[in-house]
Amino acid sequence: MMQAAQDISSRAQYKKRRRSGLRRGFLYCAVGEIDKSRCVSYFPTVPKYDRKDEDTDMIDQIAVVVKNKPGSLRRITSLLAENNINCLCISTYDAPDFGILRMIVDDFDKCYRILEERGELVMKDRVIAIPMEDKPGAMDGILAAVGEANINIDCMYSYISSRLKSAVLIFRAEDIEETESVLAIKGYQVIRDVKGL
């Protein structure tokens, strides 16, 4: 039993280090420490994505690196509009030279393929979406549940769902499966498909 526990712990640490390495490599490309072609070969940063190999019963977020200059966001939104892809929610992070555009779309596979074909630096992340009441303290309750389990949140944003008629909190955590389990125990509903947003 002790050996099994050690194996589980080792796998968790490996997954955590690998995720951290992917993100660092992703940002190194963005800020220009190495060019994109070297980034793909040197870092496993923008892996060839094969959705068949993964559990599709979860929500995927697309992250795109964009230059911090006029027209950069419009380049991405124009691609979505031209290809009839609906952006359900969006968040941006800015730095002096670049920004990271995070979004959830109605057709992840199509959007990822088009952005990659156009030469955009793009990656995917699994995220958790939780409906919450639009009132003071609702977000704090969710974060309290996650914090009590000592789970780190990497990024977070929210939006108002017209379909659900409620606010929805979206975030990426270090361990999606563990986070979902913790929230389920606390009685929170996890949305596992974009059609539910």
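What follows draws every value from the coordinates through simple rules; no lab data is involved. Note that the structure is predicted; figures quoted are calculated from it, not measured. FYI the Cβ positions are ideal-geometry reconstructions off the backbone, even for glycines, and counts take in every protein chain you see.
In a fully extended conformation the segment linking residue 94 and residue 74 would gain 5.7 nm over its present Cα-Cα distance, using 0.36 nm per residue. Ratio of Rg to Rh for region 127-196: 0.93 [Cα atoms; Kirkwood radius as inverse mean 1/r over pairs]. Over all other residues within a Cβ to Cβ distance under 12 Å of residue 186, the charged ones net out to -2, with Lys and Arg as +1 and Asp and Glu as -1.
With the simple model of a label 7 Å out from the Cα in the direction of the Cβ, residue 163 to residue 181 spans 2.9 nm. Among 164, 101, a tally of other beta-carbon atoms within 10 Å of each Cβ gives an order, fewest to most, of 164, 101.
Between beta-carbons, use under 15 Å as the cut-off and find the net charge around residue 197, counting Lys and Arg +1, Asp and Glu -1. Intermediate values should be presented prior to the final figure.
Details: positive: 102, 126, 163, 165, 192, 195; negative: 57, 60, 106, 107, 193.
With Lys, Arg at +1 and Asp, Glu at -1, the net is +1.
For region 161-197, the residues whose amide N sits under 18 Å from a probe point set 7 Å from the Cα of residue 150 along the beta carbon direction are 173-183. Rounded to the nearest 0.05, the FRET efficiency derived from the C-beta distance between residue 134 and residue 84 at R0 = 25 Å is 0.25.
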